[in-house]
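What follows is a single structure, written as structure tokens, with notes after it.
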Amino acid sequence: MYFTTAADEKSIRSLPLHKTLLCLMCVVLLVVNGVFLARNLDDLRAANALQAQTAQVSDELQYLNLIVTDAESSLRGYFLSGDEVYLGPLRSASQQIDKQMHSLGDLLRDNPSQAKNLQQLRTLVDKKFGLLQQSLEVYREGGLNDIVAIAASPDDRAQMDEIRLQVVIMTREQNELLTTRTAAFYQQYRHAVVFGVGINAAAIFVLLLFYKMIKRAFRLRLLAERALQHTNDGLEEIVAERTGQLSVLSRHLIKVSEEEKSRLARELHDEMGANLTAIGMDLSTVAEHLRATHPELASKLGRAKRTLVDTVQLKRRIIENLRPSLLDNMGLSAALQSYCADYARITSLDCDALIDAEVDTAGPMQAIALFRITQEALNNTAKYAQARNVIVNLTREPDGWGLEITDDGIGIPPDAMARTKSHGLLGMRERALLLGGTLVVEPGVNGVGTCVRAMIPAAAPGGNEEASAAGVVTAAAVALSCVQAEAVLLDPPAPDGAQADPIRRHLNAPHP
């Protein structure tokens with residue numbers, strides 16, 4: 001018997017409620033932590049985008065200021081040299097300024113304050129370029145002296161200073177916006193870090209609780225498994241001890257049963273045989289004296305004598321059923337040969353007995369076991385196999401005796417040995433096992449019929465325990481032969497089938 005720690009199906013469908021809640025809590029904490037990490041990543045991406053925008057706005061403003069300065073410098077170079085080449089930057093400045101203004105407008109679209117500053121810068125730049133165009137026209141109409149007068153006026157210098165100032169204002173405001181956004185991001189990131197650390201600490205705490213619970217459950221399970229293992233070991237020892245005791249008891253019961261059958265057979269041969277012989281002699285004597293004077297009484301004595309003959313035959317059948325006389329008188333080989341011949345005559349089956357002459361060296365317990373196994377196997381063949389041919393093969397092997405009984409019948413189910421009511425098959429197997437041997441029932445050659453294969457070792461337990469008892473049985477059998485011979489002289493001969501009656505009784509006996 002074994003115990004197990006596996007629970008039934010209903011109890012293992014889900015974890016306990018507190019363990020399930022801990023698992024859910026841990027999952028929720030991890031999900032919240034993931035959400036905050038995603039939000040922090042978005043905020044970081046926005047901060048990086050703002051920083052890149054600020055740098056680009058600063059670059060665009062500086063480039064715009066550079067375009068205005070180049071345009072003014074190119075106009076002055078034209079004033080000094082009179083060469084039209086110097087007017088290139090002035091002529092391309094208008095298109096470049098429009099491009100820069102459009103780019104800055106896209107960058108500052110989401111910032112109303114900067115958009116307003118950009119509009120003011122556009123106004124200043126347009127005003128500056130209008131003044132440059134006016135100076136160019138004045139130069140072409142008047143001359144250099146008028147241009148010098150215009151350049152010396154404070155309005156011209158003030159416009160350029162306003163443009164530079166507007167660029168500085170826009171750059172500073174963009175940097176301030178970047179600083180403010182960065183500070184807000186770091187403040188939010190600090191809060192997120194603190195919150196994330198808290199979430200991680202809570203998750204670690206929950207995991208530690210869950211680990212502690214799992215460790216405790218594993219420890220309890222391990223202790224239960226160890227206790228069950230100790231219990232199973234104890235049960236195995238008890239079962240092994242009980243099995244050994246039952247084996248000894250079974251072997252002893254088989255030995256006692258065979259001894260009791262031998263003793264009862266001897267008593268029937270000796271005492272009952274002698275009494276029946278004496279009664280027969282007395283009946284014969286009285287019948288001879290009364291045959292002349294009282295024929296009716298002599299006739300009744302004749303009927304009584306015939307009844308006595310039937311009783312003698314009944315006694316012989318009982319003795320043969322208890323203990324086959326040929327097994328003790330002539331040995332195992334002769335007993336099996338005779339039994340197979342009588343079996344073939346009664347059942348009308350073709351029974352071939354291939355018996356090795358060396359099998360007569362088997363001990364009493366081994367010999368009776370082989371004979372009983374053969375007897376039971378042939379009985380099952382006659383009852384259930386629907387066979388036409390049976391072969392009994394008994395050989396002397398190096399380590400024991402090998403018995404093989406095959407037929408060409410309908411076969412046997414594979415689970416026949418496992419059926420609880422297969423007492424005949426189980427009895428054959430137990431006889432082999434108790435002597436340290438084996439017995440196998442399997443399909444015959446090419447799956448036709450049934451093959452019963454038994455192996456009885458030479459050193460079987462109890463194989464020589466009855467050596468002295470065998471001598472007594474043999475002596476009693478010799479005495480029995482004398483008594484039977486004397487009874488045959490006194491009584492009429494027995495019917496032809498008298499010796500076969502034990503086989504017929506065995507075949508007609510009820511078996512599962």
Handout entry: Compactness index (Cα Rg / 2.2 N^0.38 Å), segment 17-220
Key = 1.84
Practice task
Take the Cα coordinates of segment 283-367, assign each an equal point scatterer, and use the Debye formula without solvent to give log10 I(q)/I(0) at q = 0.15, 0.17, 0.24, 0.25 Å⁻¹.
Solution key: -0.70, -0.78, -1.12, -1.15
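Taking 2.2 N^0.38 Å as the expected size of a compact globular protein, what ratio does the Cα radius of gyration of segment 201-350 give against it, to two decimals?
Working: Rg = 36.2 Å, N = 150, 2.2 N^0.38 = 14.8 Å.
My calculation over the Cα atoms of segment 201-350 gives 2.45.
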Problem - Neighbour net charge for Leu394 - beta-carbon separation under 14 angstrom, K R +1, D E -1 - result: -3
Handout entry: Residues listed by number, segment 204-222, amide nitrogen under 18 Å from Val31 label point at 7 Å toward C-beta
Key = 204, 206-207
Practice task
Once you have the Cα-Cα distance between Asp352 and Ala46, take 0.36 nm times their residue separation minus that, and quote the gain in nm to one decimal.
Solution key: 99.9 nm
Problem - Ser103/Lys215 FRET efficiency (R0 56 Å; Cβ-Cβ; nearest 0.05) - result: 0.30
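With the contact rule set at Cα under 8 Å and sequence spacing of 6 or more, what percent relative contact order holds for segment 326-460? Don't jump to the answer; show the numbers that get you there.
Working: 233 pairs, mean separation 30.1, N = 135.
Here the relative contact order equals 22 percent.
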Completion exercise
Placing each pseudo-label 7 Å from Cα in the direction of the beta carbon, Gln245 and Val197 end up separated by a distance in nanometres of 7.2
Exercise for the section: Taking each pair of different alpha-carbon atoms in segment 10-75 once, compute 1/r for the pair, average those values, and report the inverse of that mean as the Kirkwood hydrodynamic radius in Å to one decimal. Expected result: 17.1
Exercise for the section: With an 8 Å cut-off on Cα pairs and a minimum separation of 6 or more residues, tell me the relative contact order of segment 17-220 in percent. Expected result: 35
Problem - Full-stretch length increase - Ala341, Asp70 - with 0.36 nm per residue and alpha-carbon distance subtracted - result: 83.8 nm
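Give the percent of DSSP beta bridges with both residues in segment 302-424 that are antiparallel, rounded to the nearest 5.
On the way: 8 of 14 bridges.
So the antiparallel bridges in segment 302-424 amount to around 55 percent.
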Problem - Cα Rg, Dmax, segment 326-460, angstrom units - result: 14.0, 39
Exercise for the section: Please work out the FRET efficiency for the pair Gln386 and Val440, using the Cβ-Cβ distance as r and a Förster radius of 22 Å; give the result to the nearest 0.05. Expected result: 0.50
Fill in the blank from the handout: So Leu165 and Arg226, fully extended at 0.36 nm per residue minus their Cα-Cα distance, gain in nm 13.2 nm
Handout entry: Relative packing of peptides 350-356, 23-29, 214-220 - highest average C-beta neighbours within 10 Å first
Key = 350-356, 23-29, 214-220
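Readers should treat all values here as calculations from the given coordinates under stated rules, not as data from a laboratory. This is a predicted model, so every value here is computed, not measured. Using ideal geometry, Cβ is built from the backbone for each residue, glycine included, and neighbour counts are taken over all protein chains shown.
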